[in-house]
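First the structure, in the form of structure tokens, and then the observations on it.
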Amino acid sequence: MDLEEIIEGCYQNSRKHQEALYNLFASKMFGVCLTYTKDRDLAQDILHDGFFKVFKKFDMYDSSWSIHAWIRRIIVNTAIDQFRKTNRLTNVDFQEAVYLAGSFDETSEISKTGDLSQIINMLPNGAKTVFNLYTVEGYKHQEIADMLHISVGTSKSQLSKAKSVLRDLVNKYYIR
């Protein structure tokens, strides 16, 4: 089945085509979910909830759009909804930089793999969410504030502090 056929089948609510679309994009979108939560089970729940929304709202999909971008937008919004349900974002005391920097030793998996996503996942949930929305998804601070029900100042503060912690951690584990 090619992508056009899969999309056409999804417009007709064909379970076979929906399964094909899910199989085509699930692993990429699971990676997106993991950027918003450290918990793999919760990421799986976000993925399933997101695809449920994709199929429920498929009649709103315009074929002139990128299907990947459209699905990603729904998955990100689902992750944000989950964040709002489970977190209350306030200005976090970033003395955690000391805690974070000491939370693993030189022989840890990060040192072995050099995976920056593992370092980003060390950020507190609020800072990580703002960081991802701003740097990865390209949202502006006002949009982030509206999505997370926080002030623009809190969004800016979280991003600034997240960048500072990340800079310290990158210096520790990558610049030798």
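The values are calculated or read from the model by the stated rules, or taken from the named source; none is laboratory data. All of these numbers come straight from a predicted model, not from anything done at the bench. No Cβ is skipped: glycine too gets one built from the backbone with ideal geometry, and neighbour counts run over all protein chains shown.
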Worksheet item: When the range 33-81 is examined, which residues are found to be over 14 Å from the mean Cα position of the chain (by Cα), basic (Lys, Arg) and surrounded by 15 or more Cβ atoms within 10 Å (Cβ to Cβ)?
Response: LYS53
Discussion item. Just to verify a result, which residue in the range 34-82, among those that are basic (Lys, Arg) and outside any helix (DSSP H, G or I), is farthest from LEU21 (Cα to Cα)?
Written reply: LYS38
Practice prompt. State whether one or more residues within the range 18-32 are surrounded by 16 or more Cβ atoms within 10 Å (Cβ to Cβ), modelled with pLDDT under 95 and within 28 Å of ALA127 (Cβ to Cβ).
Written response: yes
Worksheet item: Going through the range 16-32 one residue at a time, which ones are among the hydrophobic types (A, V, I, L, M, F, W, C) and under 12 Å from the mean Cα position of the chain (by Cα)?
Response: MET29, PHE30, VAL32
